[in-house]
Amino acid sequence: MTKMRHVLSLSGGKDSAALAIYMRDRVPNMEYIFSDTRKELNETYEYLERIEDYLGVRVNRLNAELGFDHWLDVYGGMIPSNHRRWCTKMLKLKPFENFIGEDPVLNYVGLRADENRSGYISHKPNITPVYPFQEDGLKLPDIEEILRVSGVGMPPYTKWGRSRSGCFFCFYQQKIEWVRLKETYPDLYDQAKAYEQVYEGSGNTFTWSERESLEELERPERMQSIKDEHRRRQLAKEVRGDNLTLEQVFSRAERTDEADDEACLICTL
Ligand code: SF4
C-alpha cells in the first residue's frame, strides 16, 4: 500500500507560515511546498527563507512548466480576474497536483477558526484537506502569537500595508493596496499597468482593479480619495470595534475591503 504523504503548501502568507510552525513537531515527515508564479514580491522569497531557517528543512519550490506570460498568451492576452481565474489553476494548482501525483495525501490548510470561507483548493480524490487551526479553535491572535514567539514574525510586506501574498499584480488586492504598491514599488506598478492591454477577442480592455485601469487609479487625486476612503472605513471600525487592538482593527478593515473572500487559499493563506 502506498504510504500516506503529509503536505503543507506555503503561500508566503501569515496563516500558512504559522501552520508550518505549528505542525513542525506534530508531523515530522511533513513535505513543505511553495508554488512559485515568478511574479511574487521579493519579500515573499525572503520570508520563505526565514521560515526554512525555523523549520530546518528546505521548502520545495514548484514552478509551473511555463510561466504567467506563457499562459497569458494561451488565454489570448486576457488577464485573469475572479471570474477568469486561470492563473490559480495553471500556476498554483497544477504544479501542486503534479507534485502529489496519485499518492494519498493529507493536505494541511491554514484556514483559521475565525474564518468562514471555502476558498479554491484541489479536489482530486487522493487529496484530503485538513484544517488544524479550525480543529483546534485557533484564531487570528493565536496565529500572530505563534509567529511572534517563533521569531519568524509577520510577512515583511505587511509593514507597508499589503495584506496578501501572491502575485504583485493580483486582482484580489484592494484599491488601497494598489496605492501602496505604487508608492512602494513604482516599477512593479508599471509592470502591472503594462498588462492592461486591449483584448483582441472582444476589443475590451480588461483591468486588474474593478471598474478602473491602473492608469486612472494612479492619478494623484484618485489615490488621495482611495486613501481618504480607507481611513474613513478604519475609523468607523474603530468606533464600532469591541476592544480590538489596532492590528485587529486594521486586519478587519482590510478584509472588509476584499472583493471576494474566496481568494485562492493556495495563493494567499
Ligand atoms: S496570487 Fe492572484 S494573480 Fe497570482 S495566481 Fe493567485 S489569484 Fe492569480
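The values are calculated or read from the model by the stated rules, or taken from the named source; none is laboratory data. Computed from a predicted structure; not experimentally measured. Please note: Cβ atoms are built from the backbone with ideal geometry, for glycine as well, and neighbour counts cover all protein chains shown. Each accessible area value is taken on the protein alone, full model and side chains, heavy atoms only, with ligands, DNA and RNA left out. Shrake-Rupley method; radii C 1.70, N 1.55, O 1.52, S 1.80 Å.
Applying 1/(1 + (r/R0)^6) with R0 = 30 Å to the Cβ-Cβ distance of residue 84 and residue 124 gives a FRET efficiency near 0.85.
Checking every one of the GluC sites (Glu not before Pro) in the range 92-132 against DSSP loop status and a limit of 13 other Cβ atoms within 10 Å picks out 102. Near residue 165, once Lys and Arg are set to +1 and Asp and Glu to -1 for all other residues with Cβ below 10 Å from its Cβ, the sum equals 0. The label-point distance for residue 238 and residue 26, in a model that sets each label 7 Å from Cα toward Cβ, rounds to 3.6 nm. Pairs from the table (159/182; 159/227; 159/237; 3/124; 3/94) all lie within 24 angstrom of each other at Cα. Given an 8 Å cut-off on Cα distances and at least 6 residues of separation, report the relative contact order of the chain as a percent. Here the relative contact order equals 25 percent. Surface analysis of the range 1-111 yields an accessible area of 44 Å² per residue, using protein heavy atoms and a 1.4 Å probe. Among 26-39, 123-136, the peptide with the highest mean count of other Cβ atoms within 10 Å heads the list, and the full ranking is 26-39, 123-136.
The amide H of residue 60, built 1.01 Å from its N in the peptide plane, has 32, 33, 34 as neighbours under 5 Å, considering only residues 5 or more places off or on other chains. Put a plus charge on the Cβ of each Lys and Arg, a minus charge on the Cβ of each Asp and Glu, and nothing anywhere else: the dipole of the chain about its Cα centre is then about 280 debye. Amide H contacts of residue 130 (H built 1.01 Å from N, in plane; Pro and chain starts excluded): 107, 108, 109 sit under 5 Å, all sequence-distant by 5 or more or on other chains. Note on the range 5-159: dipole from Cβ charges, positive end direction compared against 96, 147, 133; the farthest Cα belongs to 96. Counting protein heavy atoms only, the range 5-159 has 48 percent of its accessible area on carbon and sulfur, 1.4 angstrom probe. Through the Karplus equation 6.51 cos²θ - 1.76 cosθ + 1.60, θ set to phi - 60°, convert the phi angles of the range 99-107 into ³J(HN,Hα) values in whole Hz; use x for Gly and Pro. Karplus-based 3J(HN,Hα) across the range 99-107 equals 5, 6, x, 9, 5, x, 9, 9, 9 Hz.
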